[in-house]
Amino acid sequence: MSQFFYIHPDNPQARLLKQAVEIIRQGGVVVYPTDSGYAIGCQVGNKQALEKICRIRALDMDHDFTLVCQDVSELSVYAKVGNTSFRLLKNNTPGPYTFIFKATREVPRRLQNPKRKSIGIRIPNNTITLELLKMLDEPLMSSSLILPGNDFAEADPEEIRDKLEHSVDLIIHGGILQETPTTVIDLYDEQPVVVRAGNGNTEPFE
């Protein structure tokens, strides 16, 4: 049975965030709010937690995974970012975007796209998640919580509880969110390519 935390979307309770961090560090899988629906995540290096997420979402290991970061200062550790790409990120984050880059050696191979050796990077505009990441002091391995057969991320934490309370370790209730997915921007070759138009404005990348 998963734990279920009601966390205030504007003033997150530090006590609950600390408990969430401990669950993640102990190998737990957590459902958490973003600016584009709910996402599911775990500690970057935890293979068993990653496999659990793949089972829940019915993903294979060729899926494009994302590292959710608290700010741009973490980018160079995990992604090969040129000056142009860095400026684009700095001007458009936090926000509802996923950016695709060449991965560095710090990214576990199992998280990289097997053909391109790429990784997604995300800095969401959500107070709960940004405070959680600050306390965790490392990115979350993450994927949008799109359950098999659905096209959009889950938006209602009570419904998520009904579906996943026996499958995940923690569900963070941060309000009912919109379901629109992130806009995906490929910056693998520095030249921005809009892969998917979603919640984020595509104009800065066109």
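Values quoted throughout were computed directly from the atomic coordinates according to the rules given, and no laboratory measurement underlies them. None of these values were measured; they are calculated from a predicted model. Neighbour counts are summed over all protein chains in view; Cβ atoms, including those assigned to glycine, are modelled from backbone coordinates with ideal geometry.
Here are a few things to note about the model shown:
- Here the label points at ASP151 and THR202, each 7 Å from Cα along the C-beta direction, are separated by 1.6 nm in the simple model.
- Using the Cβ-Cβ distance between GLU159 and ARG109 with R0 = 45 Å, the FRET efficiency computed as 1/(1 + (r/R0)^6) comes to roughly 0.85.
- Segment 45-101: Cα Rg divided by the 2.2 N^0.38 Å rule of thumb: 1.34
- Comparing PRO148, PRO124, PRO108 in a Gaussian network model of the chain (Cα springs below 10 Å), the most mobile by mean-square fluctuation is PRO148.
- Size descriptor for the chain, Kirkwood hydrodynamic radius: 16.8 Å (Cα pairs only, one decimal).
- Exposed trypsin sites (Lys or Arg not before Pro) absent - longest run of the chain, DSSP non-H/G/I/E/B, at most 10 other C-beta within 10 Å: 1-104
- Screening the chain for DSSP H helices whose Cα atoms reach 30 Å or more along their own axis and whose mean Kyte hydropathy is at least 1.6 gives nothing.
- Within the straight-line cut-off of under 17 Å between alpha carbons, the lysines reachable from LYS163 are LYS52, sequence neighbours fewer than 8 places apart in one chain being disregarded.
- Per residue, the convex hull spanned by the Cα atoms of segment 82-129 amounts to 91 cubic angstrom.
- Share, in percent, of DSSP beta bridges within the chain that are antiparallel, nearest 5: 60
- For the chain, a Gaussian network of Cα nodes joined below 10 Å ranks THR98, THR66, THR127 by mean-square fluctuation, and the top entry is THR127.
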